[in-house]
Amino acid sequence: DVGQGSAVLVQSGVHFMLIDGGDSDASSKVVSYLKRQKVKKLDYVVVSHYDSDHLNGVVGALNVFKVKRVIAPAYTADSRVYESYCNIIAQKKIATTRPKVGKKYKARFTILAPNSSGYVDENNYSIALKLVNGKNRFVITGDAETESEYEMVENGQNLSCDVYMAGHHGSANSSSEKLLQ
């Protein structure tokens, strides 16, 4: 629980993936939690988008843990936390990948969004993904709003899941009926 924000730790055996990290007041909480979970390195860190309530804790984790790969959207932000994020990526020479819809990772997740470029609302650049664990499927959409959700549906990706993490903190601009159907 990072309060107003988002952070998800995915574990499979000794492999870990962090999806977002909450805001600045949660950064140390996220790092402490990862340590309690015996995380030594993060195989993947997914930055859904660059809003502070998703990115601050990621910066904290990048500073403390060895990170194999970061997956982050292909846009830039004008904020201090984004600048800190770019600095730590460069300083530690962390491999960074841009999302490609339909790309399947052997860690059993698939990129669902973003499907376009040139969004007016930066929330629509949110990386959405589907995780598979045995017979369980999880869909996480970051702060993607209705425009991006419609694109996910129209793109033909299989969005069926057992667990859906409510998009954009459950705001009225996400979790559209079309996506939920």
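The values are calculated or read from the model by the stated rules, or taken from the named source; none is laboratory data. Predicted model only: the values in this text are computed from it and were never measured. Backbone-built Cβ (ideal geometry, glycine too); neighbour counts: all protein chains shown. Protein only, heavy atoms only, side chains kept; ligands, DNA and RNA dropped before computing areas. Shrake-Rupley method; radii C 1.70, N 1.55, O 1.52, S 1.80 Å.
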Next on the checklist: Can you find a residue that is of a type in the set (D, E, K, R), in a strand (DSSP E or B) and free of Cβ contacts under 8 Å to residues at least 24 places away in the same chain anywhere in the stretch 93-112?
Outcome noted: yes
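Does at least one position in the stretch 118-135 carry a residue that is of a type in the set (S, T, Y), within 17 Å of P73 (Cβ to Cβ) and in contact with a strand residue (DSSP E or B) (Cβ under 6 Å, 6 or more places away or on another chain)? Give the steps one after another, and end with the answer.
Our first condition is that a residue be of a type in the set (S, T, Y); within the stretch 118-135, this holds for 119, 125-126.
Next, from what is left, pick out any that are within 17 Å of P73 (Cβ to Cβ): 119, 125-126.
Next, from what is left, pick out any that are in contact with a strand residue (DSSP E or B) (Cβ under 6 Å, 6 or more places away or on another chain): none.
Among the residues of the stretch 118-135, not one is of a type in the set (S, T, Y), within 17 Å of P73 (Cβ to Cβ) and in contact with a strand residue (DSSP E or B) (Cβ under 6 Å, 6 or more places away or on another chain), which makes the answer no.
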Item to check | Members of the stretch 125-140 found to be surrounded by fewer than 16 Cβ atoms within 10 Å (Cβ to Cβ) and either among the polar types (S, T, N, Q) or within 19 Å of the chain's Cα centre (by Cα) (or both), listed by number | outcome: V132, N133, N136
Checklist entry - Hey, among the residues in the stretch 2-23 that are surrounded by fewer than 21 Cβ atoms within 10 Å (Cβ to Cβ) and on the phi > 0 side of the Ramachandran plot, which one's farthest from the chain's Cα centre (by Cα)? => result G13
Item to check | Matching residues, the stretch 103-117, being open to solvent by less than 60 Å² (accessible area, probe 1.4 Å), at pLDDT below 95 and of a type in the set (G, A, S) | outcome: A107, S116
Item to check | the stretch 24-66, residues that are assigned to a loop (DSSP other than H, G, I, E, B), open to solvent by 40 Å² or more (accessible area, probe 1.4 Å) and either polar (S, T, N, Q) or over 20 Å from I127 (Cβ atoms) (or both) | outcome: Q37, K38, K40
Checklist outcome for this item: Exception for D143 within (1) open to solvent by less than 20 Å² (accessible area, probe 1.4 Å); (2) in a loop (DSSP other than H, G, I, E, B); (3) over 20 Å from G5 (Cα atoms) falls at (3)
Checklist entry - If we keep just the residues of the stretch 146-180 that are open to solvent by 70 Å² or more (accessible area, probe 1.4 Å) and acidic (D, E), which is nearest to S52 (Cα to Cα)? => result E147
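Would you check which residues across the stretch 146-178 are assigned to a helix (DSSP H, G or I) and either touching a Leu at 6+ places or on another chain (Cβ under 8 Å) or of a type in the set (S, T, Y) (or both) and list them? Spell out the reasoning first.
Of the stretch 146-178, the ones assigned to a helix (DSSP H, G or I) are 146-154, 167-170, 177-178.
Of everything in the stretch 146-178, those that are assigned to a helix (DSSP H, G or I) and either touching a Leu at 6+ places or on another chain (Cβ under 8 Å) or of a type in the set (S, T, Y) (or both) turn out to be T146, S148, E149, Y150, M152, V153, G167.
Across the stretch 24-52, which residue is farthest from A128 (Cα to Cα) among those that are in contact with a His (Cβ under 8 Å, 6 or more places away or on another chain) and not small (G, A, S)? Quick ask: steps written out before the conclusion?
Applying the first criterion (in contact with a His (Cβ under 8 Å, 6 or more places away or on another chain)) to the stretch 24-52 yields 43, 47-48.
Checking the rest, the ones that are also not small (G, A, S) come to 43, 47.
Working: D43: 18, V47: 10 Å.
Within the stretch 24-52, the match that is farthest from A128 (Cα to Cα) is D43.
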